[in-house]
Amino acid sequence: MRIAWQATLLRFSALPRPVLGGSYLLLFGLWALLLQDTLALWQRREVEIERRRLAAALLPMPTVGSTPTATPPPPPPTATPLPTATPRPVAVVHPKSGRLIAAWLPTSFDAEDARASFETNKDILDEVSPFWYGVDPATGALIPDRGARDAALVAAAQAADVLVLPTIHNVSQPAAILPLLRDPERRARHVQAIVAEVLQYGYDGIDIDYEMLPPQSRESYSAFMRELAQALRAHGKLLTVAVHAKTTDTGGWGAFQDWALLGEICDRVRIMTYDYSWRGSGPGPIAPMSWVAAVATYARSVVPADKIQLGIPFYGYNWGEGEEAIAQTWRDIQRLIETYQPQVHIAARDSSGPIEESWFVYRVNGRRRTVWFADHRALSAKLELIEQQDLAGIAIWRLGNEDPQNWDVIRTQLVENSSNVQRVFNTYLPDH
């Protein structure tokens, strides 16, 4: 057999070069068609899996020993009827590239630049979370931010197969939401308000970003998230959550967030792997690689890897002597470099491990200022980490005024990465 193969190869190699070249091109074309068909088959498979999951989510779940009833019980008389859900193609639930690419989009600041960034890159985005709602802690009602409920943005996103998951936040007064979370009645009204908003405006789900709560709020926060997840699931809607980065269950600002629970009930867990050095700290890296890697490793121990999105900073910080830092965009930082001509350093590592961020110092009126920022090289290192740990993808804070080369890196390492093709084929193999 081996001799026969060798003879065949010798005869084939004796063909004229134009014939060989044409044969290679033909084989490559056939391979490309096979790959295209395989990707389409994988997409249809994922659509069917998601359709069945959502169908199952809409069925009543009888308790053990109970007799299923023909119709569900009517809602309480005081309940406000919810709008009818708008059908949404299930095909967009899975990532376009093999890794989920999500981004928060501000509309109350830098709205024009953020929208321009979205329009330029919506072909590879899987999820967009407009930063749209605050909370009235007294009633549980949502307070729309400037630019919220933008029907044109929702339509543009969904036309491009981008999931719309608006963010509800408590950043203006973090602790004000605590009485609401602790009160079951107000909590229920808050859940109902969220679901009604999602259904009325045709969103694909919601993103919760409740930050800086005390450890004692863990039980009430968990109860709220569990109730919200169940309510959204009943309508086939998604729930994502932004969580503080941590490396132990009770560590830092994230002690109130039960990652194991959130990984079970939420569709995505977006880890804010940035602000290692923050406004109130001294100058330093925003997302050093050694810390990001430690957070990711801990996350994989308690959350399914296919739900973990690493937060990616598209910003920098500028510290003055004895002052809190101010956040600055890539464009702001480039203007400073052009104006003051400082020497820009790259911090490769320190005693804790890799850093992969840039920094520089300049003076204004004799006073020293220090800037730290992450460029496309820092992003590349984080995307390599995501590949190594096989995480779901990234969540970008935020669109608008970022390093343009960031998108080149994302397209190269996530969208055009051959390993994502392998992940598709793996779904057809046993035990994958």
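Can you give me the number of residues within region 346-376 that are open to solvent by 30 Å² or more (accessible area, probe 1.4 Å) and of a type in the set (A, V, I, L, M)?
Residues that pass the stated criteria total 4.
For region 198-219, which positions are open to solvent by 20 Å² or more (accessible area, probe 1.4 Å), in contact (Cβ under 8 Å) with a residue 24 or more places away in the chain and in a helix (DSSP H, G or I)? Reasoning before the result, please.
If we filter region 198-219 for residues that are open to solvent by 20 Å² or more (accessible area, probe 1.4 Å), which is where we start, we get 200-201, 211-212, 214-216, 218-219.
Keeping just the survivors that are in contact (Cβ under 8 Å) with a residue 24 or more places away in the chain gives 200-201, 211-212, 214-216, 218.
Listed by number, the residues that qualify are Q200, P215, Q216, R218.
Condition check: part of a loop (DSSP other than H, G, I, E, B), at pLDDT 95 or above and crowded, with 21+ Cβ neighbours inside 10 Å. Does L105 satisfy that?
no
Is it the case that region 75-97 has a residue that's at pLDDT below 95 and basic (K, R)? Spell out the reasoning first.
Let us first name the residues in region 75-97 that are at pLDDT below 95, namely 75-97.
Still in the list and also basic (K, R): 88, 96.
Within region 75-97, one or more residues are at pLDDT below 95 and basic (K, R).
Say whether the condition of being modelled with pLDDT of 95 or more, over 22 Å from the mean Cα position of the chain (by Cα) and of a type in the set (S, T, Y) is met by at least one residue in region 373-392.
No: region 373-392 contains no residue that is modelled with pLDDT of 95 or more, over 22 Å from the mean Cα position of the chain (by Cα) and of a type in the set (S, T, Y).
Write out, first by first residue and then by second, each pair whose Cβ atoms fall under 7 Å of each other, whose residues are 6+ apart or on separate chains, and whose first residue, in region 376-396, is under 15 Å from P288 (Cβ atoms) and among the hydrophobic types (A, V, I, L, M, F, W, C) while the second is at pLDDT 95 or above and in a helix (DSSP H, G or I).
Close Cβ pairs (under 7 Å, with a partner that is at pLDDT 95 or above and in a helix (DSSP H, G or I)) amount to L379/N406; L379/V409; A381/M289; L385/V292; L385/A293; L385/A296.
Considering region 306-324 alone, what residues qualify as being loosely packed, with under 15 Cβ neighbours inside 10 Å and among the small types (G, A, S)?
Within region 306-324, the first condition is being loosely packed, with under 15 Cβ neighbours inside 10 Å, and the residues that meet it are 306, 320-324.
G320, G322 - these are the residues of region 306-324 that are loosely packed, with under 15 Cβ neighbours inside 10 Å and among the small types (G, A, S).
Would you mind telling me which numbered condition in (1) at pLDDT below 95; (2) basic (K, R); (3) touching a helix residue (DSSP H, G or I) at 6+ places or on another chain (Cβ under 7 Å) R423 fails?
With respect to (1) at pLDDT below 95; (2) basic (K, R); (3) touching a helix residue (DSSP H, G or I) at 6+ places or on another chain (Cβ under 7 Å), R423 is out only on (3).
Given the conditions (1) assigned to a strand (DSSP E or B); (2) surrounded by fewer than 17 Cβ atoms within 10 Å (Cβ to Cβ), report the number of the one that T120 does not fulfil.
Every listed condition holds for T120 apart from (1).
Can you find a residue that is within 21 Å of A348 (Cα to Cα), open to solvent by 40 Å² or more (accessible area, probe 1.4 Å) and hydrophobic (A, V, I, L, M, F, W, C) anywhere in region 285-292?
Here is the first cut: in region 285-292, the ones within 21 Å of A348 (Cα to Cα) are 285-292.
Filter once more, so that each one left must be open to solvent by 40 Å² or more (accessible area, probe 1.4 Å): 291.
Filter again for hydrophobic (A, V, I, L, M, F, W, C), leaving 291.
Yes.
Out of the residues in region 124-133 that are touching a helix residue (DSSP H, G or I) at 6+ places or on another chain (Cβ under 8 Å) and in a strand (DSSP E or B), which is nearest to S97 (Cα to Cα)? Outline the logic, then answer.
So in region 124-133, the residues touching a helix residue (DSSP H, G or I) at 6+ places or on another chain (Cβ under 8 Å) come out as 124-126, 128, 130, 133.
Okay, now just the ones that are also in a strand (DSSP E or B), so 128, 130, 133.
Numbers: V128: 15, P130: 22, Y133: 29 Å.
Within region 124-133, the match that is nearest to S97 (Cα to Cα) is V128.
Let me spell it out: the conditions are (1) open to solvent by 10 Å² or more (accessible area, probe 1.4 Å); (2) part of a strand (DSSP E or B); (3) hydrophobic (A, V, I, L, M, F, W, C); (4) over 19 Å from W104 (Cβ atoms), and A327 meets all of them except one. Which number is the exception?
Among (1) open to solvent by 10 Å² or more (accessible area, probe 1.4 Å); (2) part of a strand (DSSP E or B); (3) hydrophobic (A, V, I, L, M, F, W, C); (4) over 19 Å from W104 (Cβ atoms), the lone unmet condition for A327 is (4).
How many residues are without any contact (Cβ under 8 Å) to a residue 60 or more places away in the chain and in contact with a Lys or Arg (Cβ under 6 Å, 6 or more places away or on another chain) when one looks only at region 319-360?
4
Please find, within region 377-418, the residue that is nearest to I208 (Cα to Cα) out of those that are acidic (D, E) and crowded, with 21+ Cβ neighbours inside 10 Å. Give the derivation first.
Step one: list which residues in region 377-418 are acidic (D, E), which gives 384, 387, 390, 402-403, 408, 416.
Narrowing further to those that are crowded, with 21+ Cβ neighbours inside 10 Å: 402-403.
Working: E402: 24, D403: 27 Å.
Restricting to residues being acidic (D, E) and crowded, with 21+ Cβ neighbours inside 10 Å, the top hit is E402.
Against the definition (in contact (Cβ under 8 Å) with a residue 60 or more places away in the chain, touching a strand residue (DSSP E or B) at 6+ places or on another chain (Cβ under 8 Å) and open to solvent by 10 Å² or more (accessible area, probe 1.4 Å)), how does A234 come out, yes or no? So that I can check it myself, show each step before the final result.
On the way: in contact (Cβ under 8 Å) with a residue 60 or more places away in the chain: yes; touching a strand residue (DSSP E or B) at 6+ places or on another chain (Cβ under 8 Å): no; open to solvent by 10 Å² or more (accessible area, probe 1.4 Å): yes.
It is false that A234 is in contact (Cβ under 8 Å) with a residue 60 or more places away in the chain, touching a strand residue (DSSP E or B) at 6+ places or on another chain (Cβ under 8 Å) and open to solvent by 10 Å² or more (accessible area, probe 1.4 Å).
Among what's in region 152-178 and is open to solvent by less than 20 Å² (accessible area, probe 1.4 Å) and in a loop (DSSP other than H, G, I, E, B), pick the residue that is farthest from W104 (Cα to Cα).
Across region 152-178, the extreme among qualifying residues is N170.
Between D136, D145, which is open to solvent by 20 Å² or more (accessible area, probe 1.4 Å) and out of contact with any helix residue (DSSP H, G or I) (no Cβ under 9 Å at 6 or more places or on another chain)? First the steps, then the outcome.
Numbers: D136 fails: out of contact with any helix residue (DSSP H, G or I) (no Cβ under 9 Å at 6 or more places or on another chain).
None of the others qualify; the one that does is D145.
Would you point out the residue of region 254-264, among those that are of a type outside the set (S, T, N, Q) and buried (at least 19 other Cβ atoms within 10 Å of the Cβ), that is farthest from the chain's Cα centre (by Cα)? Break it down into steps so the answer makes sense when it comes.
Residues of region 254-264 that are of a type outside the set (S, T, N, Q), as a first pass: 254-256, 258-264.
Restricting the remaining residues to those that are buried (at least 19 other Cβ atoms within 10 Å of the Cβ) gives 254, 256, 258-259, 262-263.
Numbers: G254: 18, F256: 21, D258: 18, W259: 16, L262: 15, G263: 14 Å.
Selected residue: F256.
The values are calculated or read from the model by the stated rules, or taken from the named source; none is laboratory data. These figures come from a predicted structure and were not determined experimentally. Backbone-built Cβ (ideal geometry, glycine too); neighbour counts: all protein chains shown. Note: areas computed on protein heavy atoms with side chains; ligands, DNA, RNA excluded. Shrake-Rupley method; radii C 1.70, N 1.55, O 1.52, S 1.80 Å.
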